[in-house]
Amino acid sequence: MTERIFLQVDGLRFSYPECAVLNGLSLAWPAGLALVRGDESSGKTTLLRLLAGELTAQAGRITLQGSSPGEAPKAYAQKVFWADPRSGDLDTLTARGWLDSLPARYPLWDTAALDAHTEGFALHEHLHKPFYALSTGSKRKVLMAGALASNAPLTLIDEPVGGLDKPSIRYLAQALASQAARPDRLIVVAHYETLADVAWGSVVDLVRC
């Protein structure tokens with residue numbers, strides 16, 4: 001039986017002045033786990049930002065469960081979780097304050113899952129800290145705990161292991177694996193290589209321009 005398409009991308013194109021990072025990209029992914037793999041400057045983060053609706057493609061179409069960011073941006077945004085680990089937009093918020101704000105944005109929010117991810121990533125001692133005071137690894141762990149607990153149909157995670165300790169990397173693999181068989185959710189991870197112990201349902205390789 002053919003798997004039902006959850007996210008479809010047709011002819012996606014996006015160029016920066018110095019290079020075309022995506023030139024006619026098409027994909028059709030079912031729910032589960034997807035990996036966007038490639039070297040630096042291959043367009044991994046750009047693709048996630050396009051899927052999040054944060055950037056607008058110069059050509060092509062994105063369809064997530066019947067919604068398109070260009071045609072129904074509000075309906076689309078309600079289905080997507082994206083938090084850029086390189087952004088400083090959250091710097092003045094505490095980790096706890098940001099996490100507490102998420103249930104209002106994500107109607108399928110799972111409080112029990114957040115508790116589990118907080119424990120799994122060993123975040124309890126960091127929740128009172130503002131984002132600017134967090135290490136690279138701790139910031140990523142807070143963002144991923146929120147991402148995983150959001151239950152957003154499309155959850156986007158960029159370069160997840162930067163700054164993570166080995167126990168946290170192992171926990172991340174377990175947390176991702178627990179989501180792999182869900183029919184109602186697609187988690188897309190961008191990374192330069194395949195993460196160990198994660199069985200990806202879909203993989204796209206991007207080439208540096």
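Quick look at the numbers
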| item | result |
| --- | --- |
| Charge dipole (the chain, unit charges on Cβ, about Cα centre) - positive-most of V188, L12, Y76 | Y76 |
| Cα-only Debye scattering, the stretch 142-209: base-10 log of I(q)/I(0) at q = 0.12, 0.14 Å⁻¹ | -0.31, -0.42 |
| Cα-based shape type of the stretch 5-46, given that a ≥ b ≥ c are square roots of the gyration tensor eigenvalues and the cut on a/c is 1.5 | oblate |
| Interatomic Cα distance distribution for the stretch 93-209, bins of 5 angstrom, percent | 2, 11, 22, 24, 21, 12, 6, 2, 0 |
| The stretch 27-148: translational diffusion in µm²/s, Stokes-Einstein, Kirkwood Rh over Cα pairs, 25 °C, 0.890 mPa s | 153 |
| Total charge dipole magnitude, the chain, about the Cα centre, Cβ charges on Lys, Arg, Asp, Glu only, Debye to nearest 20 | 220 |
| Candidates P130, P17, P167, ranked by Gaussian network fluctuation over the chain, Cα under 10 Å, top entry | P17 |
| Distance histogram in 10 Å bins (all Cα pairs of the stretch 1-90, percent per bin) | 15, 48, 32, 5, 0 |
| Between the stretch 173-193 and the stretch 98-133, the Cα center-to-center distance that results, in Å | 18 |
| Considering only the chain, percent of DSSP beta bridges that pair antiparallel, nearest 5 | 45 |
| Pair A133, S68: separation of 7 Å Cα→Cβ label points (nm) | 4.7 |
| Rg/Rh for the chain, where both radii come from Cα atoms and Rh is the Kirkwood radius | 0.95 |
| Solvent-accessible area per residue for the stretch 88-179 (1.4 angstrom probe, square angstrom) | 44 |
| Net charge contributed by nearby residues that have their C-beta within less than 13 Å of S135 (K/R +1, D/E -1) | +2 |
| Listed peptides 120-128, 191-199 by packing density, highest first (mean Cβ within 10 Å) | 120-128, 191-199 |
| Computed label-point distance, nm, for sites Y16 and D110 using a 7 Å Cα→Cβ extension | 3.5 |
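The values are calculated or read from the model by the stated rules, or taken from the named source; none is laboratory data. What you see is a predicted model; the values in this text were computed from it and never measured. Ideal geometry is used to build each Cβ from the backbone, glycine not excepted, and the neighbour counts take in all protein chains shown. The accessibility values were calculated without ligands, DNA or RNA, using every heavy atom of the protein model including side chains. Shrake-Rupley method; radii C 1.70, N 1.55, O 1.52, S 1.80 Å.
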